[in-house]
Structures are given as structure tokens and as C-alpha cells.
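Asker: A single structure is presented below for examination.
The values are calculated or read from the model by the stated rules, or taken from the named source; none is laboratory data. The shown structure was predicted, so the numbers you read here are calculated from the model rather than taken from an experiment. Surface areas here come from the heavy atoms of the whole protein model, side chains and all, with no ligands, DNA or RNA. Shrake-Rupley method; radii C 1.70, N 1.55, O 1.52, S 1.80 Å.
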Amino acid sequence: MKKIFKILAIVMVLAVQSSCEKHVVELDAEPISDETTQIQLFYMVPLASGTANSINKVELNGKLLTNETTPLNTFNFLPSGAVNKFFATETGSVNLKLYRGAVTDMTLAYDKDVNLLPGKQALFIHDFDEPPVILPHPMPMPSVTTENTATTAWVRFINLMYESAGVPTDLTIQYQWQYTTDNETGAKSEWFDLGEPVAFGEATGWEPVTVNKTVEQSSGSARIDYRIRLIGADGSDQGSLQIRNSAGNMVDYSDWWNAFIGRAYNHVFAGYRDAASLGVGIRQSTAL
């Protein structure tokens with residue numbers, strides 16, 4: 001009986017060795033360095049949502065980047081998902097084509113040559129007749145080290161506001177934030193500048209905001225309030241930015257978003273300031 005057990009044990013060892021030798025796991029991937037050109041594509045042309053305005057085909061240098069399986073919807077970005085990802089591509093001059101509409105009836109909506117630099121960058125399509133706004137994706141991503149529970153998230157503000165159709169804003173604006181200092185009383189902090197003032201096509205860096213989480217035993221999230229101030233040529237505060245609301249009235253801009261500790265968010269300010277429809281507002285995406 002002992003001999004039988006020994007024989008079975010030897011057979012099992014040989015079988016395992018044979019299995020390991022025959023089934024080598026390989027990853028079909030290419031190494032990506034920090035200098036490799038990588039892009040995100042943001043579709044910020046002020047258009048109504050729906051199939052007629054969805055981008056169902058994207059070509060970069062004649063190569064298919066994405067199709068109707070992952071459409072690029074208005075006020076959205078590619079690659080889609082919960083957290084921003086990137087496409088690796090060629091460095092230098094490349095041709096970008098966007099096809100709009102139903103899959104059975106797509107039309108070429110955008111055909112531009114753009115110059116891509118090494119590293120990560122975001123392309124913002126804001127007008128089908130204009131080149132994209134190209135902004136570097138600040139690296140490395142922000143982080144914080146603490147012995148206790150962290151209280152920080154990060155926001156990058158991008159100004160793509162239009163005054164009306166075909167008229168990008170000539171205003172310089174300052175994004176500001178405020179947080180709840182006491183979750184029991186609802187007391188608020190003072191207003192803080194989020195980075196420096198920006199003109200059309202400009203962005204801040206990754207700017208820290210304070211997250212005073214509302215549930216102690218949790219990953220941690222809280223509401224952050226935002227407003228925008230007009231900045232004069234002399235750098236002075238000219239008061240709140242006013243936008244036209246859905247009722248047709250001009251009102252001070254204000255908004256709020258929840259932020260999670262450790263996350264980084266793009267806040268793209270896009271749309272029309274002086275229009276009751278397709279009005280300007282924040283289009284948020286998660287970068288980290």
C-alpha cells in the first residue's frame with residue numbers, strides 16, 4: 001500500500017511540473033514610459049445630448065481609436081470610465097477625425113491636424129471649426145502622507161466658457177471653494193481661491209480642497225461649494241460671475257460637488273454663459 005501512495009505522489013508531482021511548463025502566462029503589452037505620448041479626448045462643444053450629436057467614430061492618423069461600442073457623448077471624455085485613462089499614440093503632428101451621428105448615417109464633423117508632445121495631455125474639442133485646446137496633464141498626481149485620517153482631495157479647473165454660440169469668453173475668472181467646517185452646525189469656512197485666475201483655454205494645477213467627511217468610519221466624502229469671481233485687468237475682484245439660468249434670468253453662478261478623500265477631479269467649465277439652454281456649468285471627471 002505504501003508503494004502505491006509513493007507512486008501516486010510521484011505521478012502528481014510530474015503532472016504539476018508538466019502543467020507549469022506547458023501553460024506559461026504572458027501579458028501581451030508594450031512598456032509605456034513617462035515620455036510616451038498619451039492623450040485623453042474631451043468633447044466640450046455645446047450641443048444637446050442624443051444620438052445626432054454623439055461621436056461614434058474617432059480616427060487618429062487614420063487608425064480607429066474608438067467606435068460606437070464606446071461613443072463619445074456631449075460634455076464627456078474618452079476613454080470613458082469611472083477614472084480617466086489614456087490612449088498611447090505617436091508624438092508630433094497627427095490627424096484627428098471625429099464622426100458624428102447614428103452609426104448608419106455618420107458624418108465627418110471634425111478633421112484637424114494637431115501637434116502632440118511627449119507625456120500625458122488632454123485634448124478639448126470645443127468648436128468643430130477650431131483646433132483643440134491642448135493642456136498637459138500635470139504629473140505626478142498629487143498625494144498626501146499623514147498619520148491620521150487624511151482630509152484632502154484635489155481639483156483642476158479648466159475654463160472653456162462661451163458667451164454665446166461661436167463666441168468664447170474674453171473674461172478672466174477665479175474659481176473659489178468653500179467647505180463645511182462643522183458637520184453638526186453646518187458652519188462654513190471662508191472662500192478660498194482655487195489656483196490662479198484663468199482665461200479661456202487655461203487651467204489651474206491640481207489644487208487641494210478640504211474634505212471634512214460626514215461619516216467617520218468611511219473612506220470619506222463631503223460637499224464642497226464653489227463660486228466664480230470676475231478678475232479685472234488690474235487683478236482686482238470685480239464681483240460674482242453671472243450666468244443666464246434656465247428661466248432666462250441672470251444670476252450669480254454657484255454650484256457644489258461631493259469630493260472623496262484622496263481623489264483628484266477635473267472641473268471643466270463649458271457651455272454658454274448667456275443662454276437659457278446648454279448653459280455653462282461644471283463637467284466633472286475623476287482623474288485619480
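Asker: If we restrict to alpha carbons, what Rg and Dmax does region 178-224 come to, in Å?
Answerer: Calculated on Cα positions, Rg and Dmax stand at 13.7, 41 Å.
Asker: If I ignore ligands, DNA and RNA and count only protein heavy atoms, how much of ILE243 is accessible to a 1.4 Å probe, in Å² to the nearest 10?
Answerer: The accessible area comes out at roughly 20 Å².
Asker: I'm spelling it out carefully: the read-out is semi-axes √(5λ) of the Cα gyration tensor in Å, the candidates are [x] 43, 30, 17; [y] 31, 23, 17; [z] 35, 27, 16, and one was derived from this structure. Which label?
Answerer: [x]
Asker: For region 233-286, report the accessible area per residue in Å² (1.4 Å probe, heavy atoms, rounded to an integer). Walk me through the numbers before you get to the answer.
Answerer: Working: 2590 Å² over 54 residues.
Result: 48 Å² per residue.
Asker: By a straight-distance test (C-alpha under 18 Å), which aspartates and glutamates pair with LYS120 as possible cross-link partners, with residues fewer than eight away in the same chain excluded?
Answerer: Result set, ordered by chain and number: GLU30, ASP34, GLU35, GLU90, GLU202.
Asker: Let me ask you something else. Arrange the residues LEU123, LEU64 by how much accessible surface each exposes, largest first, with a 1.4 angstrom probe.
Answerer: LEU64, LEU123
Asker: Quick one: accessible surface of MET250, probe radius 1.4 Å, all protein chains present, in square angstrom to the nearest 10.
Answerer: Surface open to solvent at MET250 totals about 70 Å².
Asker: Let me ask another. Order the following by accessible area, largest value first: THR204, THR107, THR69. Probe radius 1.4 Å; ligands, DNA and RNA are ignored.
Answerer: Details: THR204 15, THR107 75, THR69 110 Å².
Result of the area sort, largest leading: THR69, THR107, THR204.
Asker: Here is a further query. If GLU207, GLU68, GLU147 are ordered by their accessible area, calculated over protein heavy atoms with a 1.4 Å probe, which sequence runs from highest to lowest?
Answerer: Largest accessible area first, the residues go GLU147, GLU68, GLU207.
Asker: Which length gain, in nm to one decimal place, applies between SER254 and LEU230 when the Cα-Cα distance is subtracted from 0.36 nm times their residue separation?
Answerer: 7.3 nm
Asker: Here is a further query. Roughly how tilted is helix 2-22, in degrees to the nearest 10 and between 0 and 90, from the longest Cα axis of the chain?
Answerer: The two axes meet at around 40 degrees.
Asker: Taking all protein chains in place and a 1.4 Å probe, what share, in percent, of the accessible surface of the chain do carbon and sulfur account for?
Answerer: 52
Asker: Pull out a ≥ b ≥ c, the square roots of the eigenvalues of the alpha-carbon gyration tensor of region 63-114, then state rounded if a/c is under 1.5, prolate if not and a/b is larger than b/c, and oblate in the remaining case.
Answerer: Cα axes put region 63-114 in the oblate bin.
Asker: Using a 1.4 Å probe, what is the accessible area per residue for region 141-198, in Å²?
Answerer: Using a 1.4 Å probe on heavy atoms only, each residue of region 141-198 averages 51 Å².
Asker: When all C-alpha to C-alpha distances in region 71-225 are sorted into bins of 5 Å, what percent of pairs does each bin hold, rounded to whole numbers?
Answerer: Taking all Cα pairs of region 71-225, the binned fractions are 1, 7, 12, 15, 17, 15, 11, 9, 6, 4, 1, 0 percent.
Asker: Answer rounded, prolate or oblate for region 223-286, using the Cα gyration tensor with square roots of eigenvalues a ≥ b ≥ c: rounded when a/c is under 1.5, else prolate when a/b is larger than b/c, else oblate.
Answerer: Oblate, because a/c is 1.5 or more while a/b does not exceed b/c.
Asker: Please calculate how many Å² of accessible area region 40-90 carries per residue, with a 1.4 Å probe and no DNA, RNA or ligand atoms counted.
Answerer: 43
Asker: How about LYS57: which aspartates and glutamates have a C-alpha closer than 14 Å to its C-alpha, ignoring those fewer than 8 places off in the same chain?
Answerer: GLU68, ASP105, ASP111
Asker: Give me the accessible area of LYS120, 1.4 Å probe, in Å² rounded to the nearest 10.
Answerer: Spelled out: LYS120, probe radius 1.4 Å, area about 60 Å².
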